[in-house]
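Only one structure is covered here, and it is reproduced in the block below.
The values are calculated or read from the model by the stated rules, or taken from the named source; none is laboratory data. If you're wondering where the values come from, they're calculated on a predicted model, not measured in any experiment. Here the Cβ positions follow ideal geometry from the backbone for every residue, glycine too, while neighbour counts run over all protein chains shown.
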Amino acid sequence: MAETVKIKKGLDIALVGEAPIEYSQAPTVELFALKPTDFHGLVPKLLVKQGDKVKTGTALFYDKANPEVKFVSPVSGEIKDIVRGERRKVLEVIIASDNQNTAEDFGSADVLKLTTEEVKQRILDGGMWPFIKQRPYDIVAKPNETPKAIFISGFDSSPLAPVYSEILKGSEKALQAGINALCKLTQGKVHLGVNAKADNSVYASLKNVSVHAFEGPHPAGNVGIQIHHISPINKGEVVWVINPQDLVALGNLFINGTYDATRNIVLCGSEVIAPRYYKFVLGGSVKALLSKTLKTEQKNRIISGNVLTGSTISTDGFLCAYHHQITVIPEGDYHEFFGWLLPGFGKFSASHAFFSWFCKNKKYKMDSNLHGGHRALVVTGQYEKVFPMDVLPVHLVKSAIAGDIDQMERLGIYEVAPEDFALCEFVCSSKTEVQRIIREGLDLIIKEMN
Amino acid sequence: MKAIRNYVDKIKPNFEKGGKLESFNSFFDAIETFLFVPNKVSKNGVHVHDPIDLKRTMIIVIVALIPSILFGAWNVGYQNALAYGLDRTLLENFWVGMIKLLPIIIVSYGVGLGIEIIMAQKRGHEVNEGFFVSGMLIPLIVPINIPLWMLALAVAFAVVFGKEVFGGTGYNIMNVALVARAFLFFAYPGQMSGDSVWVLNLKDQPMVDGFSGATPLALLNQTGTMPSASLADMFFGFIPGSVGETSVLAILIGAAILIFTGVGSWKIMLSTVLGALGMGYIFNLFGINAYMGINPVYHLVMGGLMFGAVFMATDPVTATSTEKGKWIYGAMIGILVVLIRVVNPAYPEGTMLAILLMNVWAPLIDYYVVESNVKKRLKRIAVK
């Protein structure tokens with residue numbers, strides 16, 4: 001293993017509601033949804049209509065810009081509904097499961113014996129392509145490009161995140177098959193970042209991959225931070241990234257010849273009675289899972305994903321495509337009397353401005369309250385403390401607000417994804433929506449480049 | 001608390017759009033958010049937020065100022081007693097100072113916040129917290145004898161032309177409190193300099209013979225003689241001067257609070273001190289006159305250098321925004337303060353001018369720090 005990269009800047013948000021590595025039986029889920037909105041910038045072209053029968057792995061829609069990228073059904077059943085929003089934008093394709101799990105057969109194969117084109121074609125047909133994302137822009141990778149390298153972060157350092165090095169135990173074979181497939185897709189290396197402080201036995205026997213250890217607070221597990229420290233992205237370069245659990249599914253596509261949307265997910269957060277891991281299918285309705293597992297029915301914020309980058313979903317919403325975590329925290333729509341003036345013993349803060357610094361190891365229950373109003377950027381030096389890249393975060397954000405593409409490029413916009421700025425947004429005393437600003441900056445560049 | 005909330009909710013519709021008191025919306029909002037942290041929740045992006053906001057940030061600066069305010073109030077009374085040969089207790093001295101200081105604070109806040117609220121209403125913004133701190137800093141850096149109308153004029157000038165014309169808190173180029181002081185300094189030099197302004201005057205009584213009331217800086221500047229006060233007197237603050245500046249000890253307590261909470265930049269404070277010491281030592285090498293030859297430590301305890309370094313140079317809006325830039329910015333302030341003090345015969349004190357000048361220079365420093373970051377990135381491509 002290469003030497004450990006020590007990440008000094010960052011912040012671990014100490015939330016209550018962490019799950020032990022214990023599994024509970026997930027309830028039977030009847031409704032599933034594939035949401036085009038999970039895939040940023042996607043314009044879907046539907047391939048099915050209401051009432052169609054589908055198998056696991058049947059393509060439901062494809063990407064208008066890259067027609068070979070197909071998005072497939074996570075389960076077998078019948079198309080129950082196609083939910084549209086403004087201007088008939090497709091929001092959800094809802095599938096009623098028949099609980100049979102009959103799957104499309106894409107044929108098993110030994111990855112090592114396939115050519116690059118064959119590997120690509122199988123991933124595209126088998127519905128696994130959307131799980132490969134690219135930097136820059138943090139969007140689904142383009143199949144006609146060749147990345148300079150492919151990066152996998154073997155751990156998630158965000159609050160209450162699933163511990164991949166534990167839950168992937170037993171999936172070593174599929175992981176290896178996935179890595180072998182990735183090796184075919186790039187002329188460069190496949191890099192894996194692991195947590196230096198964790199038991200990495202699951203990754204120990206992997207071949208054809210260059211392993212890097214990272215140590216430090218969140219966002220050390222963000223793949224963007226790892227890329228920056230291993231081989232930073234320059235203008236014109238493209239790298240691809242994939243989540244390790246999705247990589248297992250990719251490996252299984254080659255081993256079993258079927259599309260597998262089952263993931264190990266964690267249900268966590270302060271409002272969950274007993275946080276646990278579950279085997280759950282992506283796109284599944286969380287309604288059954290959340291009944292009887294939450295402390296209260298009211299005033300909850302249900303987040304698909306973690307508290308930093310996840311999406312709010314309703315109690316009968318669906319798990320998003322890239323998320324392996326459901327976090328439930330209290331909604332914070334209350335007025336706090338002199339909240340800014342009180343000592344603040346029970347408030348987690350990155351600063352020492354509250355007396356909570358007294359208790360270093362305490363875990364906190366946090367809600368969705370903004371704790372203040374939006375203001376102009378006043379305080380400096382806050383973002384820098386939680387942003388472990390050689391990029392000037394405030395200046396990059398300002399150039400993104402101004403829509404100055406040249407300046408964004410010069411300041412390193414190609415290296416970052418909105419998720420890398422999540423902590424900046426958390427600590428910001430002006431309550432600036434930094435992730436949205438960076439996302440809009442990236443979108444502006446995509447629009448101007450094409 | 002519940003009752004207050006209910007009352008606020010009851011009267012709130014009057015101030016909202018279409019209500020009969022709509023034009024007081026910003027004022028109402030300022031009061032409401034002062035009493036209650038708003039019930040706003042995160043819409044997109046992160047779902048949890050650090051509880052710190054600008055109100056919290058500003059109140060911490062106010063807390064850090066408390067030692068200077070308390071000591072300063074006492075010192076006003078103490079210097080006044082010395083000047084007129086009065087015999088007073090500690091509490092009496094404090095009382096005399098407070099009586100004089102409170103109206104200044106009230107006028108400063110009243111005028112400044114009034115303008116802020118009108119501006120916020122005009123722009124449809126929420127009232128910004130920036131003046132929380134500026135409004136407290138101004139009374140601490142002006143002479144205690146200042147006529148209140150003069151102060152009101154200076155505050156109005158500073159808030160309108162120092163801040164609001166640029167777009168409000170977060171957009172201003174120069175420190176608002178120092179703009180107010182600079183306005184007074186150049187518009188009413190008679191009230192802002194000289195030996196008599198720094199000690200509370202009693203109208204109908206003559207001062208004790210031999211009491212000059214000159215600050216150590218003024219003595220050095222005008223006569224080139226070393227001040228009679230000892231280094232310890234100057235450190236603890238038993239000397240004439242503006243309310244906030246005299247006690248370095250009180251300022252250091254404030255600095256500790258700012259640094260520990262992370263509200264003030266220790267980089268700026270430290271580099272300012274180092275810059276001043278460095279410049280002082282350079283003058284020592286020349287040693288042409290007595291002033292050049294003094295121990296540079298004197299520069300730290302005389303005048304407003306420490307107060308400026310801790311509470312004014314660290315103003316995040318007007319300082320450099322890059323971390324590397326903060327070192328350069330602070331050091332330049334320290335150097336300029338000593339340079340102005342020693343070399344310029346017209347101004348005994350250089351802190352205000354040095355900080356204002358560096359406020360203007362801060363964007364340039366940032367520009368070069370940003371460019372060096374960009375160059376590193378471009379080099380990476382070139383190497384490949």
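Of all the residues that make up the range A:63-91, how many are buried (at least 20 other Cβ atoms within 10 Å of the Cβ) and either on the phi < 0 side of the Ramachandran plot or of a type in the set (Asp, Glu) (or both)?
From the range A:63-91, those buried (at least 20 other Cβ atoms within 10 Å of the Cβ) are A:63, A:69-77, A:79, A:90; that's our starting set.
Next, from what is left, pick out any that are either on the phi < 0 side of the Ramachandran plot or of a type in the set (Asp, Glu) (or both): A:63, A:69-76, A:79, A:90.
Number satisfying all stated conditions: 11.
Is it the case that some residue within the range B:47-54 is without any contact (Cβ under 8 Å) to a residue 60 or more places away in the chain, more than 30 Å from A:Ser304 (Cβ to Cβ) and assigned to a helix (DSSP H, G or I)?
Within the range B:47-54, not a single residue is without any contact (Cβ under 8 Å) to a residue 60 or more places away in the chain, more than 30 Å from A:Ser304 (Cβ to Cβ) and assigned to a helix (DSSP H, G or I).
Condition check ((1) assigned by TED's automatic domain parsing to the domain that holds B:Leu300; (2) at pLDDT 90 or above) across all residues:
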{"residue": "B:Leu217", "(1), (2)": "no, no"}
{"residue": "B:Leu220", "(1), (2)": "no, no"}
{"residue": "B:Thr225", "(1), (2)": "no, no"}
{"residue": "B:Phe235", "(1), (2)": "no, yes"}
{"residue": "B:Ser242", "(1), (2)": "no, yes"}
{"residue": "B:Ala250", "(1), (2)": "no, yes"}
{"residue": "B:Ala256", "(1), (2)": "no, yes"}
{"residue": "B:Phe260", "(1), (2)": "no, yes"}
{"residue": "B:Thr272", "(1), (2)": "yes, yes"}
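Take the range B:308-331 and flag every residue that is closer than 14 Å to B:Val369 by Cβ and within 10 Å of chain A (Cβ to nearest Cβ).
Listed by number, the residues that qualify are B:Ala319, B:Thr320, B:Ser321, B:Thr322, B:Glu323, B:Lys324, B:Gly325, B:Lys326.
Name the single residue that is nearest to A:Phe214 (Cα to Cα) among those in the range A:370-389 being more than 7 Å from chain B (Cβ to nearest Cβ) and not in a helix (DSSP H, G or I). Walk me through how you get there before you give the answer.
Step one: list which residues in the range A:370-389 are more than 7 Å from chain B (Cβ to nearest Cβ), which gives A:374, A:382-383, A:385-389.
Of the ones still in play, those that are also not in a helix (DSSP H, G or I) are A:374, A:382, A:387-389.
Working: A:His374: 35, A:Gln382: 23, A:Phe387: 15, A:Pro388: 12, A:Met389: 14 Å.
Taking the candidates together, the pick is A:Pro388.
State all residues of the range B:62-103 that are within 20 Å of B:Gly130 (Cβ to Cβ) and either modelled with pLDDT under 90 or surrounded by fewer than 23 Cβ atoms within 10 Å (Cβ to Cβ) (or both); if no residue qualifies, say none.
Pass one, the range B:62-103, residues within 20 Å of B:Gly130 (Cβ to Cβ): B:62-66, B:68-69.
Correct list: B:Ile62, B:Val63, B:Ile66, B:Ile69.
Just for helices (runs of 4 or more DSSP H) wholly inside the range A:404-450: which have at least 2 residues that are in contact with a helix residue (DSSP H, G or I) (Cβ under 6 Å, 6 or more places away or on another chain) and within 21 Å of A:Ala141 (Cβ to Cβ)?
Numbers: elements: A:405-410, A:422-427, A:434-449.
Where helices (runs of 4 or more DSSP H) fall fully within the range A:404-450 and carry at least 2 residues being in contact with a helix residue (DSSP H, G or I) (Cβ under 6 Å, 6 or more places away or on another chain) and within 21 Å of A:Ala141 (Cβ to Cβ), they are A:434-449.
Identify all residues within the range B:349-377 that are of a type outside the set (Ser, Thr, Tyr) and under 19 Å from B:Ile282 (Cα atoms); write none if there are none. Break it down stepwise before answering.
We begin by selecting, within the range B:349-377, every residue of a type outside the set (Ser, Thr, Tyr); these are B:349-350, B:352-366, B:369-371, B:373-377.
Result: B:Glu349, B:Gly350, B:Ala354.
Anything in the range B:164-176 that is crowded, with 24+ Cβ neighbours inside 10 Å and within 11 Å of chain A (Cβ to nearest Cβ)? List them, or say none.
Of all residues in the range B:164-176, those crowded, with 24+ Cβ neighbours inside 10 Å come to B:169, B:172, B:175-176.
Within the range B:164-176, B:Thr169, B:Asn172 qualify.
Can you tell me which residue within the range B:153-179, out of those that are part of a loop (DSSP other than H, G, I, E, B) and under 23 Å from B:Val310 (Cβ atoms), is nearest to the chain's Cα centre (by Cα)? Walk me through how you get there before you give the answer.
Keep residues of the range B:153-179 that are part of a loop (DSSP other than H, G, I, E, B), which gives B:163, B:167-175.
Of the ones still in play, those that are also under 23 Å from B:Val310 (Cβ atoms) are B:163, B:169-170, B:172-175.
On the way: B:Lys163: 15, B:Thr169: 15, B:Gly170: 16, B:Asn172: 15, B:Ile173: 15, B:Met174: 12, B:Asn175: 8 Å.
Looking at the filtered set, the residue picked out is B:Asn175.
Could you tell me whether A:Phe32 is in contact with a Phe, Trp or Tyr (Cβ under 9 Å, 6 or more places away or on another chain), over 24 Å from A:Asp138 (Cα atoms), in a strand (DSSP E or B) and touching a residue at least 40 places away in the same chain (Cβ under 8 Å)?
On the way: in contact with a Phe, Trp or Tyr (Cβ under 9 Å, 6 or more places away or on another chain): yes; over 24 Å from A:Asp138 (Cα atoms): yes; in a strand (DSSP E or B): yes; touching a residue at least 40 places away in the same chain (Cβ under 8 Å): yes.
Answer is yes for this residue.
Being away from every other protein chain (no Cβ under 14 Å) and of a type in the set (A, V, I, L, M) is the filter here, so list the residues in the range B:16-39 that pass it.
B:Leu21
Condition first: within 13 Å of another protein chain (Cβ to nearest Cβ), buried (at least 19 other Cβ atoms within 10 Å of the Cβ) and assigned to a strand (DSSP E or B). Now tell me which residues in the range A:306-326 satisfy that.
Of everything in the range A:306-326, those that are within 13 Å of another protein chain (Cβ to nearest Cβ), buried (at least 19 other Cβ atoms within 10 Å of the Cβ) and assigned to a strand (DSSP E or B) turn out to be A:Ile313, A:Gln325, A:Ile326.
Out of curiosity, is B:Ile365 away from chain A (no Cβ under 14 Å) and crowded, with 17+ Cβ neighbours inside 10 Å? Step through it out loud before you land on a result.
Details: away from chain A (no Cβ under 14 Å): no; crowded, with 17+ Cβ neighbours inside 10 Å: yes.
For B:Ile365, the condition - away from chain A (no Cβ under 14 Å) and crowded, with 17+ Cβ neighbours inside 10 Å - is not met.
For the range B:250-270, how many residues meet the condition of being of a type outside the set (A, V, I, L, M, F, W, C), within 14 Å of chain A (Cβ to nearest Cβ) and either at negative phi or surrounded by fewer than 16 Cβ atoms within 10 Å (Cβ to Cβ) (or both)? Even if it seems obvious, please write down each step before you answer.
Applying the first criterion (of a type outside the set (A, V, I, L, M, F, W, C)) to the range B:250-270 yields B:254, B:261-262, B:264-265, B:267.
Going one step further and asking which of them are within 14 Å of chain A (Cβ to nearest Cβ), we end up with B:261-262, B:264-265, B:267.
This time we only want the ones that are either at negative phi or surrounded by fewer than 16 Cβ atoms within 10 Å (Cβ to Cβ) (or both), so: B:261, B:264-265, B:267.
Here the count works out to 4.
Could you grab me the full set of residues in the range A:1-58 that are of a type in the set (S, T, N, Q) and either loosely packed, with under 14 Cβ neighbours inside 10 Å or closer than 23 Å to A:Tyr164 by Cα (or both)?
To start, the set of residues in the range A:1-58 that are of a type in the set (S, T, N, Q) comprises A:4, A:24-25, A:28, A:37, A:50, A:56, A:58.
Residues satisfying the conditions are A:Thr4, A:Ser24, A:Gln25, A:Thr28, A:Gln50.
Taking the range A:294-305 on its own, how many of its residues are β-branched (Val, Ile, Thr) and surrounded by fewer than 20 Cβ atoms within 10 Å (Cβ to Cβ)? If you could, list the steps in order and put the result at the bottom.
First pass over the range A:294-305, keeping only residues β-branched (Val, Ile, Thr): A:296, A:302-303.
Among the residues that remain, those that are also surrounded by fewer than 20 Cβ atoms within 10 Å (Cβ to Cβ) are: A:296.
Counting residues in the range A:294-305 that are β-branched (Val, Ile, Thr) and surrounded by fewer than 20 Cβ atoms within 10 Å (Cβ to Cβ) gives 1.
Looking at the range A:145-254, what helices (runs of 4 or more DSSP H) fall wholly within it and have at least 3 residues that are within 19 Å of A:Ile7 (Cβ to Cβ)? Before the answer, list the steps.
On the way: elements: A:164-167, A:172-185, A:201-204, A:223-230.
In the range A:145-254, A:223-230 are the helices (runs of 4 or more DSSP H) which contain 3 or more residues that are within 19 Å of A:Ile7 (Cβ to Cβ).
Do any helices (runs of 4 or more DSSP H) lying entirely in the range B:187-236 carry at least 1 residues that are surrounded by fewer than 12 Cβ atoms within 10 Å (Cβ to Cβ) and of a type outside the set (Val, Ile, Thr), and which ones are they? It would help to see each step written out before you state the result.
Numbers: elements: B:189-192, B:216-223, B:231-236.
In the range B:187-236, the matching helices (runs of 4 or more DSSP H) lie at B:189-192, B:231-236.
Suppose we filter the range A:350-366 for residues that are farther than 25 Å from B:Gly254 by Cβ and facing chain B (nearest Cβ under 7 Å); how many remain?
Matching residues across the range A:350-366 total 1.
Is there a residue in the range B:23-33 that is over 19 Å from B:His125 (Cβ atoms) and free of Cβ contacts under 8 Å to residues at least 60 places away in the same chain?
Looking through the range B:23-33, none of the residues is over 19 Å from B:His125 (Cβ atoms) and free of Cβ contacts under 8 Å to residues at least 60 places away in the same chain.
Which one of the conditions (1) within 7 Å of chain B (Cβ to nearest Cβ); (2) closer than 30 Å to A:Asp246 by Cα; (3) part of a loop (DSSP other than H, G, I, E, B) does A:Ile329 fail to meet, given that it meets all the rest?
So A:Ile329 meets the others, but not (3).
Do we find a residue being modelled with pLDDT of 95 or more, under 17 Å from the mean Cα position of the chain (by Cα) and under 30 Å from A:Lys398 (Cβ atoms) anywhere in the range B:274-285?
no
Could you tell me how many of the residues in the range B:40-58 are more than 7 Å from chain A (Cβ to nearest Cβ) and either more than 30 Å from A:Ser158 (Cβ to Cβ) or surrounded by 20 or more Cβ atoms within 10 Å (Cβ to Cβ) (or both)? Outline the logic, then answer.
Looking only at the range B:40-58, we keep the residues that are more than 7 Å from chain A (Cβ to nearest Cβ), and these are B:43, B:58.
The next check asks that each one be either more than 30 Å from A:Ser158 (Cβ to Cβ) or surrounded by 20 or more Cβ atoms within 10 Å (Cβ to Cβ) (or both); those that pass are B:58.
Final tally of qualifying residues: 1.
Is it the case, given these coordinates, that A:Lys347 is more than 8 Å from chain B (Cβ to nearest Cβ) and under 23 Å from A:Leu423 (Cα atoms)?
Numbers: more than 8 Å from chain B (Cβ to nearest Cβ): no; under 23 Å from A:Leu423 (Cα atoms): yes.
When the stated conditions are applied, A:Lys347 does not pass them.
Report every pair of residues separated by at least 6 positions or lying on different chains whose Cβ atoms are under 8 Å apart, first residue within the range A:342-364 and crowded, with 17+ Cβ neighbours inside 10 Å, second among the basic types (Lys, Arg) and not in a loop (DSSP other than H, G, I, E, B).
Listed pairs, sorted by first residue: A:Ala350/A:Lys385; A:Ala353/B:Arg56; A:Phe354/B:Arg56.
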